[in-house]
Every structure is written in structure tokens, then in C-alpha cells.
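Trainee: Starting off with a structure, shown below.
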Amino acid sequence: MTTAAPITAEMILADYATGIAFVAEEEPATTVSDFTYQLEVASENFEAAGINGGDELEAGGQYLADANTATDDTTRAVLLGKAAEYLARANDMADEYRLMV
């Protein structure tokens, strides 16, 4: 039985930073704090465009920020897992946004 590699903040940024940056009209974030800020801006832009799911992105950003400051490895892993769950639709939402602008 194989186990999945643990999720890291770097993996989350690699997966979603480009799409979120497009929606936030910024360069792709390279830090968690920049990425969480861009998630807030993107959430507002999604809402303005009538795309649902912005609340999930903001929640994912909060879990990611909390994971970034967690001192316990287990807590960090749980928070990163939650962040990944809430951000799972981010690229689909960004693709939808691209089609609208």
C-alpha cells in the first residue's frame, strides 16, 4: 500500500497561484501571505462576475495561513489538507472567469 505525499504550502501555491493571480490581476504569488491576499481579491472578482465559490477560497486561504504558522506537524498537515479541499475548485473557477473577460 502506498501513501500519498503530504501536502505542502508550496504544492498548493504551485497548483493554484497562476489562476488566482490572473483573477486578482497580479503576478503569481510566491508566499503564503501574498497568495491569501490574492485569494481575497479573487473572491471579490468572482462574486462580481457571478461565479460562486469565493467563500470557499477565502476559507482555504485562512486554513493555509493557519497552517503556515502552525508549530505542530500534525496540526499543519490537517490544516493543509483542509486548505487543499477548499481550494480544489480554484482552477476551474479561474478558467470560468477567463471565459468571461
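Trainee: Among (1) surrounded by fewer than 17 Cβ atoms within 10 Å (Cβ to Cβ); (2) closer than 25 Å to residue 69 by Cβ, where does residue 48 come up short?
Mentor: (2)
Trainee: Further question on the same structure: Among the polar types (S, T, N, Q), within 11 Å of the chain's Cα centre (by Cα), surrounded by fewer than 19 Cβ atoms within 10 Å (Cβ to Cβ) and closer than 17 Å to residue 89 by Cα: does that describe residue 38?
Mentor: Judged against the criteria, residue 38 is not a match.
Trainee: Here are some residues: 31, 18. Which one is of a type in the set (S, T, N, Q) and closer than 16 Å to residue 80 by Cα?
Mentor: It is 31.
Trainee: Consider residue 25 carefully, then state whether it is on the phi > 0 side of the Ramachandran plot, acidic (Asp, Glu) and over 11 Å from the mean Cα position of the chain (by Cα).
Mentor: Yes.
No value in this document is a laboratory result; all are computed from the given coordinates. Given the structure is predicted, the values throughout are model-derived calculations rather than measurements. In this analysis, Cβ positions are derived from the backbone assuming ideal geometry, glycine residues included, and neighbour counts consider all displayed protein chains.
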